[in-house]
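Each value in this text was obtained by applying a stated rule to the coordinates, not by laboratory testing. Remember, predicted model here, so these are calculated numbers, not experimental data. Because the Cβ atoms are built from the backbone with ideal geometry, glycine has one as well, and the counts that use them run over all protein chains shown.
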Amino acid sequence: MEQYHIYPWEVVVMIALVAFVIWFRRQQALKSGAVAPKRKDGKETPEDAYMRLRYQALTTVAARLGLPGELKPNDPYGVIMEMGIPKSVVTLAAFADGDARLYYKTGGGMVGGISHEKVRRAAQEFVALSRKVLGRMAKTTEYPLPETDRVRFYVLTPRGVFTTETDRQRLGEIPSDLSTLFRSGQEVVTQMREVQETREATSRPLIVPRPPVIEDDPPAAEPAPPAEPA
């Protein structure tokens, strides 16, 4: 049986090809506005982290979600809704499996919504409603951020990513399928915030006031209560 020999030049060519593909994809991502330029000091700023997480959401493939059955080409499996606010952008990413994430360009956000039923239902309804506006969207491979007071939607399907952008005030004034989708996205955020507030409330130490001491003699001075942890 003839053995196949791998020559050193073949290894070099393969490594060079892989490096080129990685470089080319990053250049495309930079051009599309999906990722931030890499800093020379190698440190990741809050904005860098935001852009990285945003890009991961925008490039999510349906196979990673473990959805039952087979999706049709126009079946939405994810929606990204972005709102431009003064000096920042808020990005909501929701998926058909019920996962939901909220990111702020200036840093911070909320994740892990899939483990809560109300968040999961709201996220799935949000994704399902996006089907009604898909026909009004344009297919895209670029992911620019919205300007202040603008709202941009991205819908993920097996056929590709579709997008549209509109004025935030218009969404509140003129009833439409897009305004309904916007309100559905707001409901996802509301449910996520309620979960966060409940979590914070239950993690706070419970302070019970001490009952008064009734004595005939004057009570001794009580020691000062311990300082609460910062």
Legend entry - Length released on extending from Asp177 to Thr202, taking residue separation times 0.36 nm less the Cα-Cα span: 5.2 nm
Legend entry - Förster radius 41 Å - calculated FRET efficiency between Ile15 and Asn74, Cβ distance, rounded to 0.05: 0.55
Legend entry - Kirkwood-based Rg to Rh ratio, segment 105-165, C-alpha trace: 1.01
Legend entry - Rough spin-label spacing in nm, given labels placed 7 Å along Cα→Cβ, for Glu165 and Glu147: 0.8 nm
Legend entry - Spherically averaged projected area of segment 72-128 from its Cα convex hull (nm²): 4.3 nm²
Legend entry - Per-residue ³J(HN,Hα) for segment 148-161, Karplus 6.51 cos²θ - 1.76 cosθ + 1.60, θ = phi - 60°, Hz, x for Gly and Pro: 4, 6, 10, 10, 10, 10, 10, 10, 8, 9, x, 7, x, 9
